[in-house]
Structure formats: C-alpha cells, structure tokens
Amino acid sequence: MFGFHYKLERHTIPFVLAIIFVAGIGGIVEIAPLFTIGETVEEAPDMRVYTPLELAGRNIYIREGCYACHSQMIRTLRDEVERYGPYSLAVESQYDHPMLWGSKRTGPDLARVGGKYSDAWHVAHLDDPRSVVPQSVMPAYTWLDDTQLVTEDLGQHLAAMRRVGVPYTDKMIANAAADVYGQANPDSDRASGVAERYGEETNVRAFDGEPGPVTEMDALVAYLQILGRLTDAAHEQQALEGDLR
Amino acid sequence: MVAGLTKGERQFAIVISVVLALCGLFLAGAGHQRPLGVHGLLIAFLGIATVFVVLSGYIAPEPSEERLSSYYDDPSKAGIIIAMIWAIFAMFIGDWVAWLLAYPEMTFDAAWASFGRLRPVHTTGVIFGFGGNALIATSFHVMQRTCRARMPDQLSPWFVLLGYNLFCILAVSGYFIGVTQSKEYAEPEWYADIWLVIVWVTYFVLYLRTLARRQEPHIYVANWYYLAFILVVAVLHIVNNLAVPVSLGHAKSYSAFSGVQDAMTQWWYGHNAVAFFLTAGFLGMLYYYLPKRAERPIFSYRLSIISFWGITFLYMWAGSHHLHYTALPHWVQTLGMTFSVMLLVPSWASAGNALLTLNGAWHRVRDDATLRFMMVAAVFYGISTFEGSFLAIRPVNSLSHYTDWTVGHVHAGALGWVAFITFGSIYAVVPILWKRERMYSARLVEVHFWLALAGTLIYVFAMWNSGIIQGLMWRTYTESGTLAYSFIDSLVAMHPYYVARAIGGLLFLIGAAIGFYNIWMTVRTAREEPLEPVADRPIASDTPAGAVQPGE
Amino acid sequence: MIDLDHDILVAFAKSFGLFYLMALSIGVVVYACWPSNKKRFERAARSVLDDEEGPWR
C-alpha cells in the first residue's frame with residue numbers, strides 16, 4: 001500500500017512536489033479570493049491618487065522606516081475609532097503600493113493624521129520631536145529640511161505606479177516635476193496645474209514654511225497631511241452606521 | 001578554500017565572479033549618483049575581489065581523489081564563523097535600537113543611525129545573517145551525514161554560502177542608505193531579491209543532488225524539514241517580492257500588489273517566514289543535533305513525521321491572524337485564527353518529542369550546557385507556539401496587536417527557540433567539524449548558557465509587561481465614558497520596561513560574544529595541534545570506532 | 001471558461017479546505033502508524049547516531 005510513499009522517499013522530486021502541494025493549497029485558497037476582491041472593496045468615486053510630491057513624501061516615509069513604529073490601519077474597535085477616527089476601509093489603501101498598515105504602535109496610528117496638525121507643527125516635530133512633545137522617543141529628522149528633493153525622475157515613478165494599476169494619466173506623468181514645484185509653491189505659475197490634474201481639494205502650500213526649492217521636508221509633510229484624506233468614504237461609512245443605530 | 005576546488009571549478013568560479021562584477025558595473029553605471037550606483041560598485045568590487053582570490057590560488061595543485069572518501073565540510077566551517085559574526089553585529093544593532101527607545105537622543109543626528117533605518121538592519125541581520133547562515137552551514141553538514149554521501153561538487157556550496165551573504169550585505173547596507181521596500185522581513189529591493197532567487201535555486205538543486213547520491217531509500221526526517229524550508233521560502237520570496245522597478249537604474253520599486261491584497265500577501269509571507277525559515281529549518285537542526293548530542297534516537301520518529309506534515313500544511317493558512325479587525329474580509333481572519341489554534345498540535349508534538357528524547361538522559365542535560373541549550377530551545381518552542389496560537393485568537397489579538405506583547409512573543413521565539421537551538425547545534429558541530437574532542441572551554445559554554453537564559457527571560461518578561469500595560473491603557477475608559485489615557489501617557493509608562501529590555505538584550509549579546517570567542521579558540525587550537533584524522537574514512541576501512549564523539 | 005467570481009472562490013475555499021484538512025491528517029497518521037513502516041523508521045532514527053565515518057563511496 002505504501003509503495004507510493006516509498007517512491008516519494010526514494011525519488012526526491014515527487015517528495016518535493018508533495019511538499020509544494022501540501023503547503024501550496026493553503027496559500028492559494030487563502031489568497032486567491034483576494035484577487036477577486038475588487039468586487040468586495042467599497043466603491044469610492046471621490047478617491048484620488050497621490051500627487052508626485054505626496055508620493056515622494058511617501059517614499060521618504062518608507063525610506064526612513066516610519067512604518068516600523070506607526071501603523072496606518074484603524075481597527076474596528078471602539079477605543080481605536082474614538083482615538084484615531086473612523087476605522088480604515090480597504091478602498092482607502094487601494095493605491096498604496098506597498099501598503100503601510102504597519103504592525104506596531106511605538107508611536108500613534110497615522111491613518112487619519114492628515115489635517116490634524118498644522119504644517120508648522122509637523123516641521124517642528126520632525127526637526128526636533130521633543131520640542132513639541134517633550135516625552136516623545138521619536139528620532140529627530142533634521143536632514144529633511146536641508147535636503148533638496150530629487151524631482152526629475154518622478155515621472156518615471158508615476159509611470160511605474162501606473163504599470164501596477166494606479167490610474168495616472170499621461171499628463172500627470174509628463175508634468176510630474178512641474179507639479180512637485182507647483183504644489184509646494186502656491187504663488188508660482190505652476191501651482192494651478194496641480195489643482196487641475198489632482199482636484200481642487202489638493203493641498204497647495206509651502207509645506208516646510210519656505211517657498212522656493214522643494215525639500216524633502218515639503219514632500220514628507222505633504223504626504224502626512226493627505227493621510228486619510230484621499231477619500232471621504234470612511235467618514236461616510238461612519239455616518240451611515242450612525243444613522244442605522 | 002580555493003585549494004579544495006578542482007581546476008574546472010576554479011575556472012567556473014572565475015567566470016561567475018566576472019559575470020557578477022559586470023552586472024555590478026552595469027548597475028553602477030545605470031544607477032549613477034543614486035543609491036543603486038553604490039550597490040553596483042559594491043557588487044563589482046566583491047566580484048573582482050573574488051576573481052583575485054581564486055586567481056591567487058589558481059596554480060595550487062588540484063585536490064586529490066582522496067577527497068571523495070570524506071565529507072566536504074569547508075563551507076560548513078566558514079558558514080558557522082560567518083553566522084557568529086552576523087550574530088554579534090546584528091544583536092549589537094538590536095540592543096542599540098532597544099536603548100534608542102529608552103534614550104532617543106543616541107542617533108547623533110545621522111540619517112543612517114535613526115531607529116527606522118537600524119531596525120531592519122537588526123531584523124535582517126539576525127534572521128537572515130545569523131539564522132540563515134547557521135541553517136545553510138548545518139544543512140550542509142546534516143545532509144551529507146544523513147545521506148552518507150559527499151556533496152556532488154565543491155563549487156556550488158561555496159556559491160550558495162557566499163552568494164547568500166552577498167544578498168545579506170546588499171540588504172543591510174541598503175537600509176543604511178535608505179534602500180528598502182518597507183515589507184517587513186522582505187525589505188531588500190528587486191535586484192537583491194533576484195540575486196537571492198538565483199542563489200536559492202542553486203541551494204535547492206545542491207540539496208537534491210546530494211540526496212540523490214544516498215544509498216538508503218529513506219530520507220532522514222531532518223532533511224524533510226530543511227527541504228521544506230528551502231522550497232517554501234523560495235515560493236514565499238518570489239510571490240511577496242513581485243514588484244515593478246522604476247527603471248533599471250533605480251533601486252526603488254513599486255509592489256505589484258496594493259492595499260488589502262498587499263497586506264494579505266505580506267503577512268502570508270511574514271508568517272510563513274516564521275514557519276519555514278525560523279521553525280522548519282531549525283526543527284531540522286533539532287531533529288539531527290539533539291539525538292546526536294544526547295546519544296539517543298529521537299523519542300518517536302512517527303510523531304516527527306506527523307508534525308512535519310502538520311506544520312507544512314497548517315502554517316500556510318495562518319498568516320491572516322496578523323490582520324484581525326482590519327479591512328481584511330472577516331472570513332479570512334476567522335480562517336487564520338482557526339488554523340493558528342490548530343497549529344498548536346504539531347508544534348507541541350515536536351516540542352514534546354524533543355523533551356521526551358531527553359527523558360532518561362537528564363543527567364547529561366544537567367552536566368552538558370550544549371544539550372541544555374537544546375532542551376531550553378524545545379521548552380521555548382513549546383511556550384512561544386502556545387503563545388502564538390493564543391495571540392491569534394481575535395479578542396486576545398485586539399489587546400495584544402500593535403503593542404510590545406508582539407515584540408515579546410517574537411523574541412521568546414527568536415531568542416529562546418531559534419538562537420538557543422542554533423547555539424546548541426553550533427556547540428555540538430564545531431568539535432566535529434574541526435575534529436576536536438570538545439569545545440575549547442566547557443565553562444564558557446556554561447557562562448554563555450546562563451547569560452542567554454537570563455537575557456531572554458528579562459527581555460520577554462519586560463515586553464509582556466509593557467505590552468499588556470500598553471494594550472490596557474489604550475482601551476481604558478474613565479467613568480464619564482472618555483478615553484482615560486493619551487497615547488503619550490502609555491509611552492511614558494513603557495520607559496522602565498524599555499530599559500529592562502535593553503539590559504536583557506545586552507546580556508544576550510555578551511553571551512553570544514563569549515560564544516564566538518570560545519568557537520574561535522576551539523578553531524585555533526585545532527589548527528595548532530591537529531588531531532590524528534581517525535574519522536572521515538570510508539566505511540570499508542578498519543576504523544569503525546574512530547569517529548570523534550562530542551564527549552564534552 | 002467558468003467565471004471565477006468572488007463568492008464562488010470563497011465558498012470553495014471554505015468547503016474544500018475542511019475536506020482537504022481531514023483527508024490529509026488521516027492519510028499522514030495512517031502512514032506514520034502503518035506497522036510495516038515501523039522497522040524503517042526505527043532504523044532511520046538510529047542512523048544519525050553514528051554517521052561520522054564518511055561517505056559510503
């Protein structure tokens with residue numbers, strides 16, 4: 001009867017296939033339905049994509065490992081909703097390649113930090129966290145303010161994002177570098193194009209407090225200020241559930 | 001190293017190194033003035049350096065046919081030394097970031113020294129640097145012994161070992177300069193990932209080729225675990241790292257998945273990295289070195305088979321317990337929770353099997369710190385798998401997730417199980433490999449054991465405390481129904497535990513350093529007074545009782 | 001081609017998974033406990049205790 005398993009042992013290749021089969025089924029069964037999940041992810045017609053400046057900020061967030069201490073995922077628990085805001089919906093991270101849900105809160109959740117503090121607060125906090133929160137254990141990111149943002153290849157970044165499914169238009173890709181400058185310089189002639197391409201709601205400000213050359217601080221603050229504000233779906237969902245109660 | 005290679009292998013090694021150096025030069029050119037350029041130069045430099053190393057030994061006489069009558073252990077020896085170097089480096093970084101959480105000013109305003117960049121240096125360094133090299137080194141040793149067969153050639157084990165370390169170096173140096181995918185435990189970027197696939201396929205093929213040379217039809221169970229480790233890690237690595245690079249000149253890439261799919265893929269990977277890297281591989285070590293050291297066969301071979309298939313099967317489903325109460329569909333969370341609880345059965349079967357093997361040899365456990373390392377590893381394996389199943393239960397997870405409890409759980413497994421079984425196996429295998437009767441100093445093994453145990457206990461208890469306090473503070477309400485504590489209140493409450501954790505980690509690090517010294521001295525004395533090579537002769541020769549026994 | 005929609009996949013994942021789990025566990029336990037395998041396993045378990053002599057060829 002066990003000639004079969006005997007063969008498994010004698011010939012390593014079938015044994016290897018057995019391992020792949022046994023281990024593989026679990027992964028396939030669990031993950032396959034997620035690829036059709038488009039059908040279950042909520043609709044959010046107002047969802048917009050990251051501007052090139054915000055995307056650059058997101059990449060700085062990734063580079064500095066912010067995700068190691070800050071989550072971006074508010075769970076469906078009462079205390080989390082009261083502390084951080086409406087719980088996170090799947091649709092809110094549908095353009096996040098990769099997602100930054102995080103796994104640890106050494107610092108607070110940031111899923112809805114956008115608009116919670118002023119730009120100046122963020123700049124001061126990133127430059128010297130303990131100047132605004134004396135007990136903080138966050139590192140100081142002093143170099144962001146005096147590092148120029150690399151902008152000339154951001155078009156390529158948007159194009160790569162488009163290849164993985166984010167709906168960036170040709171115009172957005174072509175104007176990426178100009179839009180970065182425009183978003184951080186509201187008085188420049190390039191500012192109007194940002195609102196035109198990404199919507200009137202887009203923050204167009206000198207995020208680091210100084211117009212002119214775009215710094216990494218501009219980018220990171222622009223990103224932090226958009227967190228949780230790409231769509232109103234979560235707030236609408238909360239209002240809806242409130243009505244039902 | 002080069003002297004052990006045949007002429008053909010030396011030539012092939014030069015070809016590989018030249019191709020590698022050319023790839024490096026290409027990346028250096030394409031990524032000029034970007035982080036990728038730095039890595040390109042690094043690859044090119046290492047490739048050229050390897051060419052010179054091989055060339056310098058090129059004219060040495062070829063190894064004789066005599067070599068085929070003994071096992072090929074040089075890569076295992078190198079792997080163990082490299083693993084210990086990674087251990088010291090990465091545990092030092094780990095302790096440093098632990099102190100940073102207590103005293104955040106210790107970054108001297110340098111980008112590379114901030115917590116977010118150092119943390120993956122620690123995790124990659126210990127998991128892949130220390131753990132991975134130990135797995136590769138011991139797997140070479142175990143597969144040859146259990147198959148009674150020499151590895152089919154001399155070049156591929158070196159390619160696997162050195163290539164793997166190139167991957168680790170690219171990974172770790174990348175974090176310092178800001179190159180990361182941000183996927184936890186899969187941070188290296190696309191070019192390092194592709195390189196690892198090449199190395200890993202070679203490793204897998206080498207393993208199969210060695211297995212094919214065996215005489216006995218049955219494959220010893222330790223090899224099953226090592227094989228599952230190699231195979232499944234390959235699958236996980238490839239799927240989770242699918243990404244589109246910005247260009248061939250950019251280190252940066254964008255994950256093929258987004259949002260909830262990316263989260264599921266990432267934690268399917270993350271949890272199974274724990275399962276097949278940090279569990280299956282090290283169980284392979286356990287199932288070989290524990291019986292060997294205790295000089296008793298494993299308590300129940302049947303149980304080891306049942307737990308093998310149990311672990312291989314159940315773990316794959318469990319990843320979603322990392323995403324309870326998130327935007328992940330509810331049924332996937334439930335599935336992950338259920339399978340995580342069921343996982344306790346094969347896990348405890350393995351832990352029990354290990355402990356029952358020692359039953360009747362407790363006097364040896366008492367006298368031999370090496371065996372005690374393995375015993376404590378089995379105990380911690382039992383504890384942390386129980387804790388894992390417990391934390392996967394959704395309501396428990398609502399308290400523990402995002403807190404230090406998770407960190408405590410991980411370290412109960414990583415220090416108590418993975419590092420303990422590794423140190424135990426290394427202490428068992430070093431005298432065998434270098435043909436010594438015993439380690440340089442049994443007393444230092446003893447010191448290492450107690451430092452490691454004390455460090456682990458301090459660490460884990462500190463994190464259990466801080467995690468539970470944190471979780472409770474976040475959900476405590478005042479009588480009027482508002483949240484009682486601000487986030488910063490909970491952070492301030494953590495300070496004493498963060499200091500305690502850093503002290504525990506320091507003890508563990510000191511223990512590892514002592515271990516390295518002990519191994520180094522064992523190797524050195526081996527070189528000074530080589531023992532008569534009574535072992536490593538074919539079975540046909542008339543020295544049946546000549547094998548060196550670890551009789552410390 | 002069958003339209004693989006989400007609900008079908010989920011239903012399949014839920015039902016087939018359980019069946020698969022049970023079949024596999026039974027198979028493995030039967031294999032491990034099959035009497036004629038006993039000798040082989042015992043020999044394998046002992047084989048690691050004395051394996052430093054060198055390769056068989």
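The values are calculated or read from the model by the stated rules, or taken from the named source; none is laboratory data. Everything numeric in this text was worked out from a predicted model, so none of it was measured. Here the Cβ is made from the backbone with ideal geometry for all residues, glycine too, and neighbour counts use every protein chain on show.
Of all residues in segment A:71-111, how many are part of a loop (DSSP other than H, G, I, E, B), more than 7 Å from chain B (Cβ to nearest Cβ) and under 27 Å from residue B:243 (Cα atoms)?
Going through segment A:71-111 one residue at a time, the tally reaches 6.
Could you name every one of the helices (runs of 4 or more DSSP H) located completely within segment B:95-210 that has at least 3 residues being within 14 Å of chain A (Cβ to nearest Cβ) and closer than 29 Å to residue B:21 by Cα? Show your work before the answer.
Numbers: elements: B:115-124, B:133-147, B:155-176.
Answer list for segment B:95-210: B:115-124, B:155-176.
Among the residues of segment A:204-245, write down those that are modelled with pLDDT under 95 and polar (S, T, N, Q).
Hits for segment A:204-245 are A:231, A:237, A:238.
Taking segment B:157-205 only, how many residues are under 20 Å from residue B:118 (Cα atoms) and of a type in the set (A, V, I, L, M)?
9
Quick one: residue B:311 ticks every box in (1) surrounded by fewer than 23 Cβ atoms within 10 Å (Cβ to Cβ); (2) of a type in the set (A, V, I, L, M, F, W, C); (3) farther than 20 Å from residue B:375 by Cα; (4) more than 8 Å from every other protein chain (Cβ to nearest Cβ) except a single one, so which number is it?
Checking residue B:311 against (1) surrounded by fewer than 23 Cβ atoms within 10 Å (Cβ to Cβ); (2) of a type in the set (A, V, I, L, M, F, W, C); (3) farther than 20 Å from residue B:375 by Cα; (4) more than 8 Å from every other protein chain (Cβ to nearest Cβ), the one that fails is (1).
Might you check whether a residue that is of a type outside the set (Gly, Ala, Ser) and either closer than 14 Å to residue A:15 by Cβ or touching a strand residue (DSSP E or B) at 6+ places or on another chain (Cβ under 7 Å) (or both) occurs anywhere in segment B:187-202?
yes
Only one of B:228, B:243, B:280, B:212 is small (Gly, Ala, Ser), more than 16 Å from the chain's Cα centre (by Cα) and surrounded by 19 or more Cβ atoms within 10 Å (Cβ to Cβ); which? Before the answer, list the steps.
On the way: B:228 fails: more than 16 Å from the chain's Cα centre (by Cα); B:280 fails: more than 16 Å from the chain's Cα centre (by Cα); B:212 fails: surrounded by 19 or more Cβ atoms within 10 Å (Cβ to Cβ).
Residue meeting the stated conditions: B:243.
Among the aliphatic types (A, V, I, L, M), loosely packed, with under 14 Cβ neighbours inside 10 Å and modelled with pLDDT under 95 - does that describe any residue in segment B:2-24?
Taking every residue of segment B:2-24 in turn, at least one turns out to be among the aliphatic types (A, V, I, L, M), loosely packed, with under 14 Cβ neighbours inside 10 Å and modelled with pLDDT under 95.
In segment C:36-53, what residues are within 18 Å of the chain's Cα centre (by Cα) and more than 7 Å from chain B (Cβ to nearest Cβ)?
Selection gives C:36, C:37, C:38.
Take residue B:398 and decide whether it is under 26 Å from residue C:26 (Cβ atoms) and either at pLDDT 95 or above or of a type in the set (Ser, Thr, Tyr) (or both).
On the way: under 26 Å from residue C:26 (Cβ atoms): no; either at pLDDT 95 or above or of a type in the set (Ser, Thr, Tyr) (or both): yes.
In short, no.
Filter segment B:255-278 for residues that are without any contact (Cβ under 8 Å) to a residue 60 or more places away in the chain and of a type in the set (S, T, N, Q); which is farthest from residue A:49 (Cα to Cα)?
That would be B:272.
Name the residue that is farthest from residue B:289 (Cα to Cα), counting only residues in segment B:211-238 that are at the interface with chain A (Cβ under 8 Å from one of its Cβ atoms) and β-branched (Val, Ile, Thr).
Among those residues, the one meeting the criterion is B:235.
Could you give me the residue pairs with C-beta distances under 8 Å whose first residue belongs to segment B:37-58 and is closer than 17 Å to residue B:26 by Cβ, whose second residue is in a helix (DSSP H, G or I) and among the aromatic types (Phe, Trp, Tyr) wherever it lies, and which are 6+ apart or on separate chains?
B:39/B:191; B:40/B:26
Residue B:298 passes all but one of (1) buried (at least 24 other Cβ atoms within 10 Å of the Cβ); (2) hydrophobic (A, V, I, L, M, F, W, C); (3) out of contact with any Asp or Glu (no Cβ under 6 Å at 6 or more places or on another chain); (4) within 14 Å of chain A (Cβ to nearest Cβ); which number fails?
Among (1) buried (at least 24 other Cβ atoms within 10 Å of the Cβ); (2) hydrophobic (A, V, I, L, M, F, W, C); (3) out of contact with any Asp or Glu (no Cβ under 6 Å at 6 or more places or on another chain); (4) within 14 Å of chain A (Cβ to nearest Cβ), the lone unmet condition for residue B:298 is (4).
Give me the pairs, please: first residue somewhere in segment A:210-231 and over 13 Å from residue A:185 (Cβ atoms), second residue anywhere and outside any loop (DSSP other than H, G, I, E, B) and of a type in the set (Asp, Glu), beta-carbon distance under 6 Å, and either six or more positions apart or on two chains.
These pairs meet every condition: A:221/A:119; A:223/A:54; A:226/A:54.
How many residues are more than 28 Å from residue B:126 (Cβ to Cβ), part of a helix (DSSP H, G or I) and either at pLDDT 95 or above or within 14 Å of chain C (Cβ to nearest Cβ) (or both) when one looks only at segment B:493-552? Lay out the reasoning, then the answer.
Just the residues of segment B:493-552 that are more than 28 Å from residue B:126 (Cβ to Cβ), to begin with: B:525, B:527-549, B:551.
The next check asks that each one be part of a helix (DSSP H, G or I); those that pass are B:525, B:527-528, B:544-546.
When the remaining residues are screened for being either at pLDDT 95 or above or within 14 Å of chain C (Cβ to nearest Cβ) (or both), the result is B:544-546.
Number satisfying all stated conditions: 3.
Checking the conditions here, which among A:39, A:92 is at pLDDT below 95, acidic (Asp, Glu) and closer than 28 Å to residue A:173 by Cβ?
Working: A:39 fails: closer than 28 Å to residue A:173 by Cβ.
None of the other options fit; the residue is A:92.
Just the residues that are crowded, with 20+ Cβ neighbours inside 10 Å and on the phi < 0 side of the Ramachandran plot, please, taken from segment B:167-184. Steps first, please.
Step one: filter segment B:167-184 for residues crowded, with 20+ Cβ neighbours inside 10 Å, giving B:167-168, B:170-172, B:174-175, B:179-184.
Across segment B:167-184, the qualifying residues are B:167, B:168, B:170, B:171, B:172, B:174, B:175, B:179, B:180, B:181, B:183, B:184.
Give the residues of segment B:39-89 that are in a helix (DSSP H, G or I), within 14 Å of another protein chain (Cβ to nearest Cβ) and surrounded by 17 or more Cβ atoms within 10 Å (Cβ to Cβ), sorted by residue number.
Within segment B:39-89, B:69, B:76 qualify.
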